[in-house]
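> Provided herewith is a single structure, encoded as structure tokens, for subsequent inquiry.
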Amino acid sequence: MNPPRILVFDSGVGGLSVAQCIHRALPSARLVYLADNACFPYGDQPEELVTARCLQLIEASLKVYPSQLIVVACNTASTVVLPDLRASTHLPVVGVVPAIKPAAAVSENRRIGLLATPATIRRAYLDRLVDEFAADCQLHRVGHPALVRWIEDWVAGRALPEAELAEVLAPFREAQVDTVVLGCTHYPLIGQQLQGSLPEVRHWVDSGEAIARRTADLLDRAGYLPGDNHGKTPALDAMLFSGKVPPGIETFLPRLGLATGCFRGDWPSETVLPTAIGSI
């Protein structure tokens, strides 16, 4: 059986942290990365628009790059689009939620910080996760609207605003949390900088490895055996962007152990998509 192809979807480059974990777990798998960066960030958009764009872009991608599994590597999209996406395809779909359960399992002082987007912070599903898995913990939530944009700019080669980043993280320091959940797939990309700003935090938890394990399990059940790429082919079959190809992405990918020979921006131009709103 040929190596499986996995479609990884996000609104920006944050899902590359998930693609990295999947590639480590399944080095023989072929990945297609699809980013709706023309509508980034999804947290600024109405749910109806996010759903429509996700469904149309994923459908268009699958026509060109048939895949065996879809990973929605975006917290906002996962909370909005998964039911409709699963109803529209026969393929298995893996979503992402903040890693509240594993954070509660490792926290020793029962003080947990959640670093997420404002959209994730205010969703009711987060309260349900806390009630179910971390009811005995104090959860301190920080949702900053600019952090994902800082990371997108950092991937493009700009410096992170270190003073502003330290200010964003200050509530965790004041609350003396011993565990921080990275509740957005962008955030693991700057994991070293976050740890450097909060050296007293003992546990940093995100969903990337769990998504990779779930992906591997589903493909194993479907009969796809793990293998070793041995560097024979790029990890990514293609990177597709609904907007322009982000500057600096070619040099950033090798830092994650990823590479591709195909970048496509303004894709797919033949698909009529709903118009994004807000400031992009």
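> Restricted to the stretch 29-57, and to residues that are polar (S, T, N, Q) and modelled with pLDDT of 90 or more, which residue is farthest from the chain's Cα centre (by Cα)?
The initial filter retains those residues of the stretch 29-57 that are polar (S, T, N, Q), namely 37, 45, 51, 56.
Adding the requirement that they be modelled with pLDDT of 90 or more leaves 37, 51, 56.
Details: N37: 13, T51: 16, Q56: 19 Å.
Residue satisfying both the conditions and the ranking: Q56.
> May I pose another question? Are any residues in the stretch 193-217 more than 19 Å from G14 (Cβ to Cβ) and basic (K, R), and if so, which ones?
Within the stretch 193-217, R202, R213 meet the criteria.
> Among the residues in the stretch 257-275, are any surrounded by 12 or more Cβ atoms within 10 Å (Cβ to Cβ), under 18 Å from Q20 (Cα atoms) and modelled with pLDDT of 90 or more?
Scanning the stretch 257-275 turns up at least one residue that is surrounded by 12 or more Cβ atoms within 10 Å (Cβ to Cβ), under 18 Å from Q20 (Cα atoms) and modelled with pLDDT of 90 or more.
The values are calculated or read from the model by the stated rules, or taken from the named source; none is laboratory data. Owing to the predicted nature of the structure, the values given are computational and were not obtained by experimental measurement. With ideal geometry, Cβ positions are generated from the backbone for all residues, glycine too; neighbour counts draw on all protein chains shown.
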